[in-house]
Structures are given as structure tokens and as C-alpha cells.
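What follows draws every value from the coordinates through simple rules; no lab data is involved. Bear in mind that the values here come from a model prediction, so they are computed numbers and not experimental data. Please note: Cβ atoms are built from the backbone with ideal geometry, for glycine as well, and neighbour counts cover all protein chains shown.
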Ligand code: KG4
Ligand code: ZN
């Protein structure tokens, strides 16, 4: 059985985790940077990179100590090598290279999106390839057929904003704070989802893609009108997102060969209204619904360690000069 150390630093979460190939999470250490970025209402790349540089080594030490291990007990070192904010990605990847070189261990460069995509298999041993994955995060909104490690068919993507981006921008417009997704979800619980008429971009369209930019602009107009409570706008916005995702998913599901499981991953997968809708859709199509626990949806080190474990098992390691990539489609 292999033990993999996984490092994550592509956005505003610094994380290190140790995961064993039998799916045991030996330790996971994480430091969010919300306090660094709150005053700016969004993630500032330079501040993020500096914080990653400060936090990464202590977090690796914590992850090793919590598991009662040293680098000698680790079989390979995995790190997010992209896509993401390049300064942060470089911190994690360079740290992993240094550790790999010092301890003479193999290096595994993980695509952050593959980290999200494979994370459901870490908690669900019965989840076999292929499965249908809705990947919803701060930077992406994609529907993927996951055929195997490193083997993805992209069925749909957003033509403008990512879902998480729409949550974050709406939170900013409504003055609900940062990070936006959880703030909108919390406010929505106090609001009336039918109070504010908002558009459902691309609903009913004869194409599989997603769109959220128009929804964000409508939130801005509703807010500027000054006649609605922020809670009502938040609830109406979240309902519109749920409706759009459901409509787009149904479009693809009614056109593809049946798959056993509908799976959700990425930070927005922590949203309970979205999870509940996906559960209903899965039932309608006779599919199993798989969602990682909330902490595994948002960025973390365990998902990178697990993707590393899957790649290691497939014999996929990388040379020490592998490059950090700001853009890296799956
Ligand atoms: O996967 P992630 O942690 O980072 C990226 O790879 O982008 O996703 C972060 C995104 C942010 O846009 C955040 O607002 C959103 O996920 N998010 C949520 C919730 N929790 C996090 N969106 C809606 N509801 C939530 N509960
Ligand atoms: Zn992510």
C-alpha cells in the first residue's frame, strides 16, 4: 500500500494531506486565507502566493506529525501543478519538488480539476468508472464523463462565468461578505426564492452548455432597484442557479448513454440546495448520487493526495522539471 503526500495551493486554501492507497486519510492540514483577502472582497493573487509560501512548510510538518510519519514513510509526493493562480501553484509545486529531491521520492503533478474529479472515489469505494460528473467550482462549471484516471470527455462547459464566480460576485453585490458561496447559501435560508424574478440563462436551449453572467447582472439590477431584501435576492438567485443546472443536466442526460452514477464535486458542491436537486435528478434517471462530504468539496490536500494515489497506481509520475500551468484543461 502506498502513502501519498498531497499539496494544494492553487487559490486561497493552503493544504497538505497524507492519504493511503486503501483510501485511509491519515491526516489533513488546511489553512484558509479568508482573513487575508476579506478587506478586498476577493482573492488577491500576490497576497495569496505570499501566504502560501509562509504556510506550506508548517502544514506539511503538521500533516506528517499528525500521521506519526516522516518523509521516509511517504511513497510519492503530489502537488497541484495547475490550473490556478500561478504564484500559489508555484509555491506548492516547488515545495513538492524540493521534498521529492531531498527524500528521493517520485513527484506527481496533479491537475487541480482531476483532484476534484476523483475525490468522490476517495470516500466511495463502490464508485467505478465511468461516471457522470458535474464539476462546479470558483473557476469552472463543467459536465464530464469520467472514463478513468486522465481520461475525461467534456460534455458541457460554461460559456461565460463559473457557478462559484456567480455566487461570489452576487455575494459582493449584496454585501453578504467573503467567501461568497457559503454567505449566499446562509442568506438564502432567510429569504423567499420566489420574491425576485430572475432569468434562467440558456434554459431550454438546444445545446448542452451553461451560462451565469446574465444572472449575475440581473442580481445587480435587482439590488440597485432597492426594493428587495438581500435575503430574497440571495434565495431567488440560488433557486435560479439550481433551475439552470437542473435544466442543463437534463438536456445532457436525455441524450447520452446511461451511466451508473451522477457525481458532484468542486467547492459549489458544498451547497445543500444544489445537492438536493442533484439527488432528485439522479433518482429520476435511476442513477446513484455521490457527493463528497462538504469539507472534501472545497479545496483541500486530501483530494490532491488521492488523485496522486490514483496516478501513482497507474504508474504516472512526473520529472522534477515539470512546469506549473496557470491554464490546464482536463
Ligand atoms: O473548489 P473551490 O474550493 O476552489 C476552486 O477550485 O475554485 O471552489 C470555491 C468556490 C467559490 O466560488 C465558493 O464561493 C464556492 O466554491 N462555494 C459555494 C459554497 N461553498 C463554496 N458555493 C455555493 N454554496 C456553498 N455552500
Ligand atoms: Zn478547487
Would you order 277, 69, 303 from fewest to most other beta-carbon atoms within 10 Å of each residue's own beta-carbon?
69, 277, 303
Order 82-92, 53-63, 35-45 from most to least packed using the mean count of other Cβ atoms within 10 Å.
82-92, 53-63, 35-45
Most to least packed among 22-31, 313-322, 237-246 [average Cβ atoms within 10 Å]
237-246, 22-31, 313-322
Give the peptides 134-140, 159-165 in descending order of average Cβ contacts within 10 Å, highest first.
134-140, 159-165
Over the Cα atoms of the chain, what Rg and Dmax result, in angstrom?
19.7, 63
Extension length gain for residue 272 and residue 313 (0.36 nm per residue less Cα distance), in nm, is 11.4 nm
Nearest-ten-degree value, helix 272-284 long axis tilted from longest Cα axis of the chain:
90
Based only on other Cβ atoms within 10 Å, what is the fewest-to-most ordering of 328, 295, 306?
295, 328, 306
Using a 7 Å offset from Cα along Cα-Cβ at residue 157, what residues in the range 242-271 end up with backbone N under 18 Å from the label point?
249, 252, 265-267
How big is the shadow of the Cα convex hull of the range 129-294, averaged over all directions, in nm²?
9.1
Report the Cα centroid-to-centroid distance between the range 18-57 and the range 181-252 in angstrom, as an integer.
29
Report relative contact order for the chain in percent, whole number only (criteria: Cα-Cα under 8 Å, sequence separation at least 6).
24
The range 129-294: relative contact order from alpha carbon pairs under 8 Å, six or more residues apart, as a whole percent, is 25
